[in-house]
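K.L.:
Just passing along the structure, written as structure tokens.
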Amino acid sequence: MSNLTDLTISESLAKLRKKEISPVELTNAYIERMSENNKYNAFITQTAEQALVQAKESEKRYADGTNRPLEGIALGIKDLFCTKNVRTTACSHIIDNFVPQYESTVTQNLLNDGALFLGKLNLDEFAMGGSNETSYFGPVVNPWSKETKLVAGGSSGGSAAAVAAKMCAAATGTDTGGSIRQPSAFCGVTGIKPTYGRCSRYGIIAFASSLDQAGPICKDVTDCALMLNSMAGYDAKDSTSSKVAVPDFTSFIGQDIKGLKVGIPEEYRSDGLNAEVSAYWDKATEILKAQGAEIVHINLPHTKYALPTYYVIAPAEASSNLARYDGVRYGNRVNGNGLDELYINTRTEGFGKEVKRRILIGTYVLSAGYYDAYYLKAQKVRRLIKNDFDEAFSKCDVILTPTSPIEPFAIGDKKMLENPINMYLNDVFTVSVNLAGLPAMSLPIGLSKNGLPLGMQLIGKSFDEATIFKAGYKLECGANFVRM
Ligand code: GLN
């Protein structure tokens, strides 16, 4: 038999239910993989002992027939989700000793369904970044790296790398402007950002509250459906959580896509688009067409404003959310003469460069005199971007685009680090989805000539993850991507 860690969740569950393998055996295989692969810097906290206690409980449940939907499945958790009694850092020095006394709703949902946790995964500090290089714990190494160490993408770089390197069966991620989809694309795995409101934000450390959504990063489309079934649902503890019923997402896997209208947005063929990415985009279009989908050309005319709009709104909300880290109520404190100095010293030492940049931008765009010129304008453009999607979805059922305009780049790449705008430009295909609150999946389409994974993105209508799963599964079958 192939290695146990090669199995997808659906394959593992089939074997667990038939008692061909045991949860303890499966968990041990992942623990071994996890400890062998520290070189990727994906896990920053490992909870192997706790995982084995949970696996033993799962063992009993399989024996007495009380097994739950994800019984004995070993997961990694992005270190932005509060986990009871397990250190949760957001990969920031300012809270690197924070041990929550409560569990986030999403992780609690997974635990209630029998999943177990191997530990906490690296991310960009407070999820701000697109390469995992802003983490206080250092960058994650993309498992697909050849001679040069490459970035895993960000901010959920630890999650994507851990799934790619088979250090866990699947992982949780969060996506504010692309943080589930872009690292999934860079690491050759599949991730979905659900509709805003699908998953509760309770217990997830906030970056930009009107954009943040949790979602799974998995080995394939079917596993994403299984994970999202468990993660999603209304939660009274999050006022923006939706009461829309959660269907069984696995029921859409394998469904016919004949006559499905797939929109191709003209504006995404921008100058910066890598030629290989563009060729794979055509290939993905052909795959869906061969399955009976109808291709329609659509327009998203405000696309060019998406990045500036996002980089006004996200920092504005971040500056407000991060005001709570003042050295008084949370995390680390650096004393000073008087309260002002205590704030200054704590925040100077506690936050990294990128987080400080966002706080400064956010405070600026919210300040009197600039609020109208920047923040208010950005909110108006956000509406226009949403209107573009509404208009497009009157002509199509799902939209197909690349996930990232480029392939994974080297850790420490000067072009990206010296000018943050270059890093922000990589988010061009993902941020508008968050601004409009829509669901979108990234899945691997093939390898570049450098042997690196490239991803495609499927964007759905609000609360229509179902169509994404239908089309995503067909695309996955046609792409035939070979996992690591
Ligand atoms: N790369 C984007 C940013 O830096 C998105 C981050 C995210 O989705 N958390 O803001």
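Values in this text are rule-based calculations from the coordinates and carry no lab data. None of these values were measured; they are calculated from a predicted model. So basically every Cβ, Gly included, is an ideal-geometry build from the backbone, and we count neighbours across all protein chains shown.
K.L.:
Given an 8 Å cut-off on Cα distances and at least 6 residues of separation, report the relative contact order of the chain as a percent.
P.N.:
Computed over the chain, the figure is 17 percent.
K.L.:
At 7 Å along the Cα-to-beta-carbon direction for both Arg357 and Ser210, put a label point, then send me their distance in nm to one decimal.
P.N.:
In this crude label model, Arg357 to Ser210 measures out at 2.3 nm.
K.L.:
Arrange Ser404, Ser432 by Cβ neighbour counts within 10 Å, fewest through most, would you?
P.N.:
Taking fewest neighbouring Cβ atoms as first place, the list is Ser404, Ser432.
K.L.:
If you take every DSSP beta bridge whose two residues both sit in the chain, what share of them, in percent to the nearest 5, is antiparallel?
P.N.:
Once the DSSP bridges in the chain are tallied, antiparallel ones form about 70 percent.
K.L.:
Mind listing which trypsin sites (Lys or Arg not before Pro) in the stretch 280-377 are in a DSSP loop and have 15 or fewer other Cβ atoms within 10 Å?
P.N.:
Taking the stretch 280-377 and a limit of 15 other Cβ atoms within 10 Å, the loop trypsin sites (Lys or Arg not before Pro) found are Arg329.
K.L.:
At 7 Å along the Cα-to-beta-carbon direction for both Asp282 and Lys237, put a label point, then send me their distance in nm to one decimal.
P.N.:
The two pseudo-label positions are separated by 5.1 nm.
K.L.:
In Å and on Cα atoms, what radius of gyration and Dmax does the stretch 178-286 show?
P.N.:
16.3, 47
K.L.:
May I pose another question? Fewest to most neighbouring Cβ within 10 Å: what's the order for Glu276, Glu71, Glu25, Glu465?
P.N.:
The most exposed by this proxy come first: Glu25, Glu276, Glu71, Glu465.
K.L.:
Another question about this same structure. Between Lys258 and Asp390, what is the FRET efficiency for a Förster distance of 30 Å, r being their Cβ-Cβ separation, to the nearest 0.05?
P.N.:
That pair, Lys258 with Asp390, gives E of 0.75.
K.L.:
Another one. Once the principal axes of the Cα atoms of the stretch 81-212 are found, what is the range along each, listed largest first in whole angstroms?
P.N.:
For the stretch 81-212, the Cα extents along the three principal axes come out at 42, 30, 29 Å.
K.L.:
Compute log10 of I(q)/I(0) for the stretch 411-484 with the Debye formula, placing one identical point scatterer on every Cα and leaving out solvent, at q = 0.13, 0.15, 0.28 Å⁻¹, to two decimals.
P.N.:
Ignoring solvent entirely, the Cα scatterers give -0.54, -0.69, -1.17.
K.L.:
Two decimals is fine: what's Rg over Rh for the stretch 33-80, C-alpha atoms, Kirkwood radius as Rh?
P.N.:
Result: Rg/Rh = 1.07.
K.L.:
With all pairs of different alpha carbon atoms counted, what Kirkwood hydrodynamic radius in Å does the stretch 295-451 show?
P.N.:
That comes to 18.4 Å for the stretch 295-451.
K.L.:
With labels modelled as points extended 7 Å from the Cα through the Cβ direction, what inter-label distance (nm, one decimal) is found for Ser10 paired with Asn112?
P.N.:
With each label placed 7 Å out from Cα toward Cβ, I get 2.5 nm.
K.L.:
Taking a quarter of the surface of the convex hull around the Cα atoms of the stretch 67-142, what do you get in nm²?
P.N.:
One quarter of the hull surface, i.e. the mean projection, equals 5.4 nm².
K.L.:
Sticking with this structure for a sec: Dipole size in debye (nearest 20) for the stretch 312-461 around its Cα centre, Lys and Arg Cβ +1, Asp and Glu Cβ -1?
P.N.:
Rounded to the nearest 20 debye, it is 60 debye.
K.L.:
If you count, for each residue, the other Cβ atoms within 10 Å and average over each peptide, how do 442-455, 9-22 line up from highest to lowest?
P.N.:
Descending mean neighbour count gives 442-455, 9-22.
K.L.:
Additional query: Which order results if His297, His302 are arranged by neighbouring Cβ count within 10 Å, fewest first?
P.N.:
Lowest count first: His297, His302.
K.L.:
Based on the Cβ-Cβ distance from Asn337 to Asn419, what FRET efficiency comes out when R0 is 41 Å, to the nearest 0.05?
P.N.:
That pair, Asn337 with Asn419, gives E of 0.65.
K.L.:
Can I ask one more? Once you have all Cα-Cα distances for the chain, histogram them in 10 Å bins from zero and send the whole-percent values.
P.N.:
Taking every Cα pair in the chain, the percentages come to 4, 22, 33, 27, 12, 3, 0, 0.
K.L.:
Right, another one. If all Cα-Cα distances of the stretch 303-349 are sorted into 5 Å bins from 0 onward, what percent lands in each bin, rounded to whole numbers?
P.N.:
Values per bin, smallest distances first: 5, 20, 20, 15, 12, 10, 8, 6, 3, 1.
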